[in-house]
1. If you go through segment 421-479, how many residues are under 22 Å from G354 (Cα atoms) and among the small types (G, A, S)?
2. Looking only at segment 331-352, count every residue that is assigned to a helix (DSSP H, G or I) and either within 21 Å of the chain's Cα centre (by Cα) or of a type in the set (D, E) (or both) and tell me the total.
3. Any chance segment 232-252 includes a residue that's at pLDDT 85 or above, within 30 Å of D465 (Cα to Cα) and among the basic types (K, R)?
4. Taking into account only those residues within segment 162-184 that are under 22 Å from Q312 (Cβ atoms) and crowded, with 24+ Cβ neighbours inside 10 Å, which is modelled with the highest pLDDT?
5. Do we find that S27 is under 19 Å from the mean Cα position of the chain (by Cα), modelled with pLDDT of 90 or more and among the polar types (S, T, N, Q) in this structure?
6. Could you please let me know if L462 is modelled with pLDDT under 95, under 23 Å from Y250 (Cβ atoms) and outside any helix (DSSP H, G or I)?
7. Could you check segment 382-420 and list, in sequence order, the residues that are within 16 Å of T243 (Cα to Cα), at pLDDT below 80 and in contact with a Gly (Cβ under 8 Å, 6 or more places away or on another chain)?
8. Yes or no: K319 under 30 Å from Y385 (Cα atoms) and modelled with pLDDT of 90 or more?
Amino acid sequence: MTEREEKEVRENSIPIMISYGAYQTFSQWITGAFGLYVFFFYEVEIGLNAGIAAIALIIYSIWNAVNDPLIGYILERIHMPWETRWGKRFPWVVLGAIPWLFSYLAIFMVPLDWDPVNDQWLIFAWFLLFLIIYDTLFTLWNVNATAQYPDKFKGRSERRLATGIGTLMGMIGIAVGSIIPPMFTVRGVPETYRIMAWMGVGLGMILFFLMLPGTRENPKMRARYQEYRKIAKDIEREPFFKTAKRALGYRRFMIKVFYFFGYQGAVALLSASGPYMIAYVLQEPAGTLGVLMAFMLIGALVSMPIWTLIGQKVNNNKKMSLVAGIVMFLTFLPIFFVDGFLFFMIALFLFGIGLGGQWFMDPPTMGDVLDDIAVRTGKREAAIYYGFQAFFIRLSGSFQALIFALVHILTGFPAGVTSYAQLEIESPTLELALFGIRAHAALLPAILVLITIFIFWKWYDLTPDVVRENKEKLKELGL
């Protein structure tokens, strides 16, 4: 079947694709602000020791290692009475998303009268508890939204169109999650971060309702799932750890996920470095960060038609993923040398081009991998694999916290310092502390991206011919 024919039989309208893409806006709206401020809030505004804050995020990462794949596994194994009418995944999206918004709010509601030294373990306990609740609820709804992709969008042209729309919606989420929250924060006034979080909940509710039509399974998806359930009755179900071992044993899946971790970890480092760069390197007001992030969005938006056009012509997801990775690596380098507002603005505009490419190429590349796994196993278990990928998303946040803690300890950056003037007084090694901020904003992320580019180039082998053969085999298998 040609791409032209696939377009003629696509199951989803443009409005449904926009609504489905809105789940990425919803996700990035909250996770963007979370990534920007959660470490900064606890280290700088609350005054918690960077090492203790990092321990909370590392424990959260360990929970994450179990939670994400385990929830994916359970969701593929259980059957609920609502599935015939409402679908397999949509009800879990509804049940998880709203509580997730309020768990995000709770992270910033730590009592401000707790002393960062005498009550540091109370602060740690609050931080850790709501991190775990936040992560669990995020996994519950996000895995069920994401796992619909390979079944919802069956043809290559429909997938590319849905990916282009979803990428744009996700970039809007990143932008508003980076631009709007800084407008509500004032350095040295931790109460303003609560206002920011409440505002996040309010807009989050609007985005939640916008994504409902697109994340609801259509009648054909529900019928396919019921047919699959009949077939699956004769398939022996594996225990969780055997399934996890099998999933982690798929080389193509693990290489793709490791590549995904590279850009996620790099972006997490840059995003979380933003408030530090503004406060200590550029010495600008907190709201300035929003203006800078707007230019990153402009770069991404300008690049999207270009990525779409090139992607359609090249028709090779591996090659396009590598190009996006190389562009991201190159655009990290100017950020290290930023010495003024205009320079940083231009550097982030260029970085947005690379980020847009990574966002554009991730869903179709993951779709290729899931198709390959379905051919090998004879069954669709997308939630399990998206569960493992979700683990790497959150692992990138813990990786960022660990890097920050190590860099700040090694370079003499003290906790509770809210301005350059204070840093000048309290840091025994001012220039080294500023170098450390530049390093975790650009140098270390660039190295991480470069390593993962090499691994993906060397060992990922899903060529266009293999992808085409897999699609034919899936038709034969009825998958």
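The values are calculated or read from the model by the stated rules, or taken from the named source; none is laboratory data. Not measured: the values here are computed from a predicted model. Every residue, glycine among them, receives a Cβ derived from its backbone with ideal geometry; neighbour counts consider all protein chains shown.
1. Result for segment 421-479: 4.
2. Residues flagged as assigned to a helix (DSSP H, G or I) and either within 21 Å of the chain's Cα centre (by Cα) or of a type in the set (D, E) (or both) within segment 331-352 amount to 7.
3. yes
4. M169
5. The answer is yes for S27.
6. yes
7. Those that are within 16 Å of T243 (Cα to Cα), at pLDDT below 80 and in contact with a Gly (Cβ under 8 Å, 6 or more places away or on another chain): A383, I384, Y386, G387, F388.
8. So K319 passes the test.
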